[in-house]
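Below is one structure, written out as structure tokens; the observations come after it.
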Amino acid sequence: QKEVEQDPGPLSVPEGAIVSLNCTYSNSAFQYFMWYRQYSRKGPELLMYTYSSGNKEDGRFTAQVDKSSKYISLFIRDSQPSDSATYLCAMSRSGGSNYKLTFGKGTLLTVNP
Amino acid sequence: GAGVSQSPSNKVTEKGKDVELRCDPISGHTALYWYRQRLGQGLEFLIYFQGNSAPDKSGLPSDRFSAERTGESVSTLTIQRTQQEDSAVYLCASSFAGTRNINEQFFGPGTRLTVL
């Protein structure tokens, strides 16, 4: 079993839809949870991060962490064609090794105008 | 300011040849990372440099892989005797380091390596 599981999709939605992206993980030591967005032929860029359990909102994006279920989610409201990209979840421990990120495979999202 | 840059953007090589990939981090970033992204897979951590500390090489897949960093600037990732399974995008990232809870890693565009 991989430490982080993420459905690779692809996921195709119409413009304006609410998008739900998810990851599950097995390592209970993970404390930091991140979502990266990667456009084609580009490096990933950090969208949001949360520490431990809880929700975090930033504009149209909401990140949720449920540590009891080892499940994290990213919601995108009012999705736009410019949101079309691969979304990668990533996680790390706290403390001295917090730099070592473990990534999911990424979910390819297409938002159709 | 300029972001993380990597060169070459694409590299095609023959099996058994050595390749060298270069990364220029963001100025002022003391931490530098290398990742590998195989087709359809997530990013795999390879190596981490922080200042003058000994690098964390725990992600290097074999002794054919090595990396160096000159001070707090340029880094090179070298793959010796390349194999077809080395074909992937090699991504470099840099960040500040220290006592922050999370040190946001800024990624370069990657080098796409194809081993024939």
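The values are calculated or read from the model by the stated rules, or taken from the named source; none is laboratory data. The model shown is predicted, which means the values in this text are computed figures rather than measured ones. Note that each Cβ is placed from the backbone with ideal geometry, even for glycine, and that neighbours are counted across all protein chains shown.
Being under 28 Å from residue A:14 (Cα atoms), crowded, with 17+ Cβ neighbours inside 10 Å, aliphatic (A, V, I, L, M) and touching a residue at least 12 places away in the same chain (Cβ under 8 Å) holds for only one residue in A:91, A:48, and it is A:48. Scan the stretch A:63-82 for residues that are farther than 29 Å from residue B:31 by Cβ and not in a strand (DSSP E or B) and report the count. Looking only at that region, the number is 8.
Residues checked against (1) among the small types (Gly, Ala, Ser); (2) modelled with pLDDT under 95; (3) more than 30 Å from residue B:57 (Cα to Cα):
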position: A:75; (1), (2), (3): no, no, yes
position: A:81; (1), (2), (3): no, no, yes
position: A:84; (1), (2), (3): yes, no, yes
position: A:88; (1), (2), (3): no, no, no
position: A:92; (1), (2), (3): yes, yes, no
position: A:98; (1), (2), (3): no, yes, no
position: A:101; (1), (2), (3): no, yes, no
position: A:109; (1), (2), (3): no, no, yes
position: A:112; (1), (2), (3): no, no, yes
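When the test is whether a residue is touching a residue at least 24 places away in the same chain (Cβ under 8 Å) and among the aromatic types (Phe, Trp, Tyr), residue B:90 passes it. Tell me which residues, restricted to the stretch A:73-88, are closer than 17 Å to residue A:39 by Cβ and of a type outside the set (Asp, Glu). Selection gives A:74, A:76, A:79, A:80, A:81, A:82, A:84, A:85, A:86, A:87, A:88. Looking at residue A:60, is it surrounded by fewer than 20 Cβ atoms within 10 Å (Cβ to Cβ), farther than 26 Å from residue B:25 by Cβ and either in contact (Cβ under 8 Å) with a residue 24 or more places away in the chain or touching a Pro at 6+ places or on another chain (Cβ under 9 Å) (or both)? Considered against the rule, which asks whether it is surrounded by fewer than 20 Cβ atoms within 10 Å (Cβ to Cβ), farther than 26 Å from residue B:25 by Cβ and either in contact (Cβ under 8 Å) with a residue 24 or more places away in the chain or touching a Pro at 6+ places or on another chain (Cβ under 9 Å) (or both), residue A:60 comes out as no.
The test for being part of a strand (DSSP E or B), more than 24 Å from residue B:3 (Cα to Cα) and over 13 Å from the mean Cα position of the chain (by Cα) holds for residue A:110.
The lone criterion from (1) within 14 Å of chain A (Cβ to nearest Cβ); (2) basic (Lys, Arg); (3) in contact with a Phe, Trp or Tyr (Cβ under 6 Å, 6 or more places away or on another chain) left unmet by residue B:112 is number (3).
If you go through the stretch B:53-77 and pick out every residue that is more than 13 Å from every other protein chain (Cβ to nearest Cβ), within 22 Å of residue B:43 (Cβ to Cβ), more than 11 Å from the chain's Cα centre (by Cα) and not basic (Lys, Arg), you end up with 3. Right, residue A:88: part of a strand (DSSP E or B) and in contact with a Gly (Cβ under 8 Å, 6 or more places away or on another chain) or not? Answer is yes for this residue.
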